[in-house]
């Protein structure tokens, strides 16, 4: 199960591997679905056994594991932050501290609010002075900012929403990836499953990882190879947007030429940051929230 309301190019490895029949060659019949928000996010669907595998933001996984849910990451999808702060030049917001006293549209989750406070305070600003506009799950468009609904927005991805066409000239739009603003490093998305699936059907997990690894490596080397699959799955998005997004997002899938590595240093630093901001209670919960390295190595040894 995907992480978003609709398929978008961050899942290209799954689509390409299915298109090339690499799952089928490993004895798997892959059905790719998007979560029904009425019944929760991708991890809730995974928890309720409506899916065997799910892509999810790493912070959501850590929160659920911290609460005792038997969910675990088995691979990293991204090795960098995808979120941004977006604004317009006419708003005269030139850095995070300039958000003080201005209206910021965002989904005010505990983690999102903590991140904004971190970025503004680290830049010498007053996080208490930021005026939060609750946009819930909606990502504000540049037109919304121009119309005065907010002065800036937080959450949209530099490899997706920021690439979409707008009546606002590109030179008027400012897009700041969190990784350039002082955010702690983290895996934006991870691939997850349940503990019982790992314990009872480890070969299925290995087969799924083997095919997915092959798909993401191939997509990283040639992002546009996945374009036909997206034109089939999401014909309502322009080909140019899909092409731009595939090319932009592909470098985030690999670390040192490998896909899927859940990097201990990244997981530890981010979980400590979440604990410091009272998002999780156990600063070391990441250790039980990721697959054992021996399991990952067993997949690589048979690839």
How big is the gap, in Å, between the Cα center of the range 1-31 and the Cα center of the range 84-105?
37 Å
Round to the nearest 10 and give me the degree value, 0 to 90, for the angle of helix 239-249's Cα axis relative to the longest principal axis of the chain.
80 degrees
How many percent of DSSP beta bridges within the chain run antiparallel, rounded to 5?
75 percent
Semi-axes, largest first, in whole Å: what does sqrt of 5 times each Cα gyration tensor eigenvalue give for the range 83-180?
19, 14, 13
Taking only C-alpha pairs under 8 Å that are 6+ residues apart, what is the relative contact order of the chain in percent?
30 percent
For the chain, what does the helix formula give at 222 nm: sum of -39500 (n - 2.57) over DSSP H segments with n ≥ 4, over the residue count, nearest 500 deg cm²/dmol?
-10500 deg cm²/dmol
In a Debye calculation with equal point scatterers on the alpha-carbon sites of the range 1-64 and no solvent, what is log10 I(q)/I(0) at q = 0.11, 0.25, 0.26, 0.29 Å⁻¹?
-0.27, -1.10, -1.14, -1.25
Could you tell me how many degrees, from 0 to 90 and to the nearest 10, lie between the Cα long axis of helix 202-221 and the main elongation axis, the longest principal axis, of the Cα atoms of the chain?
50 degrees
The range 41-107: spread of alpha-carbon positions along the three principal axes, whole Å, largest first, is 48, 22, 19
Taking only the alpha carbons of the chain, what extent do you get along each of the three principal axes, in Å, biggest first?
55, 44, 38
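By count of other Cβ within 10 Å, fewest leading, how are 15, 236 ordered? Please list the in-between numbers first.
Working: 15 24, 236 6.
Taking fewest neighbouring Cβ atoms as first place, the list is 236, 15.
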Ranking 91, 258 by Cβ neighbours within 10 Å, fewest first, what do you get?
258, 91
Measuring from the longest principal axis of the C-alpha atoms of the chain, the long axis of helix 110-122 (C-alpha) lies at a number of degrees, nearest 10, equal to 50 degrees
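Taking every pair of alpha-carbon atoms in the range 152-303, give the share separated by more than 18 Å as a whole percent.
The answer is 69 percent, as a whole percent.
Readers should treat all values here as calculations from the given coordinates under stated rules, not as data from a laboratory. Since we're looking at a predicted model, the values are computed, not measured. Here Cβ is always computed from backbone atoms with ideal geometry, including for glycine, and neighbour counts include all displayed protein chains.
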